[in-house]
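Undergrad: One structure, as structure tokens, below. Some questions next.
The values are calculated or read from the model by the stated rules, or taken from the named source; none is laboratory data. Not measured: the values here are computed from a predicted model. When we count neighbours, we look across all protein chains shown, and the Cβ atoms used for this are built from the backbone with ideal geometry, even at glycine.
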Amino acid sequence: MLFDTHVHLNADQYEEDLQEVIDRARQDKVDNMVVVGFDRKTINRAMELVEKYDFLYAAVGWHPVDAIDMTDEDLAWIEDLASHEKVVAIGEMGLDYHWDKSPKDVQKEVFRKQIRLAKKVKLPIVIHNRDATADVVEILKEEEAKEVGGIMHCFTGSLEVAKECMDMNFYISFGGPVTFKNAKKPKEVVKEIPMDKLLIETDCPYLTPHPYRGKRNEPAYVRLVAEQVAELKNVTIEEVAEKTTANAKKLFGIN
């Protein structure tokens, strides 16, 4: 049993063969997935998917790249959706200083608003961080995100940052990049952090693991992430599957 904690099956890249992609995941024992919506279009599609498939769950939030587009109505809508039984987290949210569509101050304000919302509706949060680690950690501390905790999605930071995040009640999630030959930092972090703070994901259709790097990613490939984690921690893939699934179900409140 594998649990892919971050998929974008709501992306246009799956328009033509979504059912086949889902079937391959299920055949590879990916028993649960969280579909992440991050704007109006992708949230709507995520909700359609979780209504259709009992093994899919949703995270709903607003992406930092598009922070400038988020209105108060959007935030109220996300709050309404939070009461849906298949919505298990708020996000992805955070900061992204790689792209410059949304000014940093706008990103920070939208990030803070979503953390406050998550605390109000008592759901964990999914954190997107690109080139903004110090500010992300600072805001999580200032907003007391520890109250709800969540996931540091597709973590590529240092062990020191991972420890700070774990102290704030966050799980550290690894995706395709941990399988890359030159990914020294993520590999070191995987070796050091405890199994009960570890999650796996694909972020599909992005960040495809080796040996499919450069091609479209899909949930079935989360097995490759699990295999790499098992090798780094010197345990069996069954242990990784069992523990990361239990961690995900605990975090998301799935029985």
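Undergrad: Out of (1) more than 19 Å from the chain's Cα centre (by Cα); (2) in a helix (DSSP H, G or I), the odd one out for Ile78 is which?
TA: Failed condition: (1).
Undergrad: Quick check: is even one residue across segment 118-131 part of a loop (DSSP other than H, G, I, E, B) and of a type in the set (S, T, N, Q)?
TA: First pass over segment 118-131, keeping only residues part of a loop (DSSP other than H, G, I, E, B): 122-124, 131.
In the following step, the residues that additionally are of a type in the set (S, T, N, Q) were identified as none.
No; the residues of segment 118-131 include none that is part of a loop (DSSP other than H, G, I, E, B) and of a type in the set (S, T, N, Q).
Undergrad: Another question about this same structure. Does Thr245 meet the test of being at pLDDT 95 or above, within 19 Å of the chain's Cα centre (by Cα) and part of a loop (DSSP other than H, G, I, E, B)?
TA: no
Undergrad: Which members of segment 199-225 meet the condition of being surrounded by fewer than 23 Cβ atoms within 10 Å (Cβ to Cβ) and not in a loop (DSSP other than H, G, I, E, B)?
TA: Ala220, Arg223, Leu224
Undergrad: Another question, if that's okay. Report, by residue number, each residue of segment 1-19 that is more than 28 Å from Asp66 (Cα to Cα) and either in contact with a helix residue (DSSP H, G or I) (Cβ under 9 Å, 6 or more places away or on another chain) or part of a loop (DSSP other than H, G, I, E, B) (or both). Let's see the steps before the verdict.
TA: Quick first cut of segment 1-19, residues more than 28 Å from Asp66 (Cα to Cα) only: 1-2, 19.
If the condition is that a residue be more than 28 Å from Asp66 (Cα to Cα) and either in contact with a helix residue (DSSP H, G or I) (Cβ under 9 Å, 6 or more places away or on another chain) or part of a loop (DSSP other than H, G, I, E, B) (or both), then Met1, Leu2 are the ones that fit.
Undergrad: Just to verify a result, which residue in segment 146-159, among those that are more than 16 Å from the chain's Cα centre (by Cα) and either touching a residue at least 24 places away in the same chain (Cβ under 8 Å) or crowded, with 19+ Cβ neighbours inside 10 Å (or both), is farthest from Gly176 (Cα to Cα)? Quick ask: steps written out before the conclusion?
TA: Kept after step one, since they are more than 16 Å from the chain's Cα centre (by Cα), are these residues of segment 146-159: 146-147, 158-159.
Then drop every residue that is not either touching a residue at least 24 places away in the same chain (Cβ under 8 Å) or crowded, with 19+ Cβ neighbours inside 10 Å (or both), which leaves 147, 158-159.
Working: Glu147: 29, Ser158: 17, Leu159: 18 Å.
By that ranking, first place goes to Glu147.
Undergrad: Can you pull out the residues in segment 20-46 that are in a helix (DSSP H, G or I) and more than 15 Å from Ala220 (Cβ to Cβ)? Give the steps one after another, and end with the answer.
TA: To start, the set of residues in segment 20-46 that are in a helix (DSSP H, G or I) comprises 20-27, 40-46.
Within segment 20-46, Arg40, Lys41, Thr42, Ile43, Asn44, Arg45, Ala46 qualify.
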